[in-house]
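Contents: one structure, followed by commentary.
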Amino acid sequence: QVQLVESGGGLVQPGGSLRLSCAASGSFYLILDMGWYRQAPGKQRELVATITSGGRTNYEDSVKGRFTISRDNAKNTVYLQMNSLKPDDTAVYYCNAQVILQVFSPSQSYWGQGTQVTVSS
């Protein structure tokens, strides 16, 4: 199986920065897309950013220019650098990975446990 462990959340003032990390471990063949999603209280989980194994990125409009997603394939780790944080960014942030467990098997989706990001003065 695959485990995703997130770290880096916390409390930050508006305009501040945080860097989230998510490391994948376990037994698998290949990790395809990795990404970050978030869920604010009373709202549905939404996409923040994704990155392919080749480094192609996609961002939700409200975070473009402020957040940067990156990954280290050798470490099976994805990062989210968050700058110019706003109170609206407050949410639980979840890591996601599309994983191929064995050669020729279809990809499966895995989620981390979530890390709280609170932006408040």
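Every number here is computed from the coordinates shown, using simple stated rules; none is lab data. Everything numeric here is computed off the predicted structure, so don't read it as measured data. Cβ placement follows ideal geometry from the backbone for every residue including glycine, while neighbour counts extend to all protein chains displayed.
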Which pairs do you get when a residue that is outside any loop (DSSP other than H, G, I, E, B), found in the range 110-121, comes within reach of a residue that is of a type in the set (D, E, K, R), reach meaning Cβ atoms under 7 angstrom, with the pair 6+ apart or on two chains?
-> THR115/GLU6; VAL117/ASP89; VAL119/LYS86; VAL119/ASP89
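Suppose we filter ASP89, ASP61 for residues that are closer than 20 Å to GLY16 by Cβ and among the charged types (D, E, K, R); which single one remains?
On the way: ASP61 fails: closer than 20 Å to GLY16 by Cβ.
Being closer than 20 Å to GLY16 by Cβ and among the charged types (D, E, K, R) holds for just one of ASP89, ASP61, which is ASP89.
Any residue in the range 86-95 that is more than 20 Å from GLU6 (Cα to Cα) and of a type in the set (Asp, Glu)? Full working, then the answer.
Within the range 86-95, the subset more than 20 Å from GLU6 (Cα to Cα) is 86-88.
Next cut, of a type in the set (Asp, Glu) only: 88.
For the range 86-95, residues more than 20 Å from GLU6 (Cα to Cα) and of a type in the set (Asp, Glu): present.
Within the range 18-44, can you find the residues that are out of contact with any strand residue (DSSP E or B) (no Cβ under 6 Å at 6 or more places or on another chain) and within 27 Å of GLY54 (Cα to Cα)?
Restricting attention to the range 18-44, the residues satisfying the condition of being out of contact with any strand residue (DSSP E or B) (no Cβ under 6 Å at 6 or more places or on another chain) are 27, 41-44.
The answer is SER27, and nothing else.
Restricting to the range 39-58, what's the tally of residues that are surrounded by 15 or more Cβ atoms within 10 Å (Cβ to Cβ) and closer than 17 Å to ALA23 by Cα? Full working, then the answer.
Of all residues in the range 39-58, those surrounded by 15 or more Cβ atoms within 10 Å (Cβ to Cβ) come to 45, 48-51.
Among the residues that remain, those that are also closer than 17 Å to ALA23 by Cα are: 49-51.
Going through the range 39-58 one residue at a time, the tally reaches 3.
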Going by the conditions given, is ALA97 surrounded by 18 or more Cβ atoms within 10 Å (Cβ to Cβ) and among the small types (Gly, Ala, Ser)?
-> yes
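Give the residue that is farthest from the chain's Cα centre (by Cα), with candidates limited to residues of the range 66-80 that are touching a residue at least 40 places away in the same chain (Cβ under 8 Å) and crowded, with 16+ Cβ neighbours inside 10 Å.
Taking the range 66-80 and keeping what is touching a residue at least 40 places away in the same chain (Cβ under 8 Å), we get 73, 75-80.
Next, only the ones that are crowded, with 16+ Cβ neighbours inside 10 Å stay: 76-80.
Values: ASN76: 12, THR77: 10, VAL78: 7, TYR79: 7, LEU80: 6 Å.
Applying the filter and picking the extreme gives ASN76.
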When SER107 is evaluated against the numbered criteria (1) loosely packed, with under 14 Cβ neighbours inside 10 Å; (2) touching a residue at least 60 places away in the same chain (Cβ under 8 Å), which criterion, by number, is the only one it fails?
-> (1)
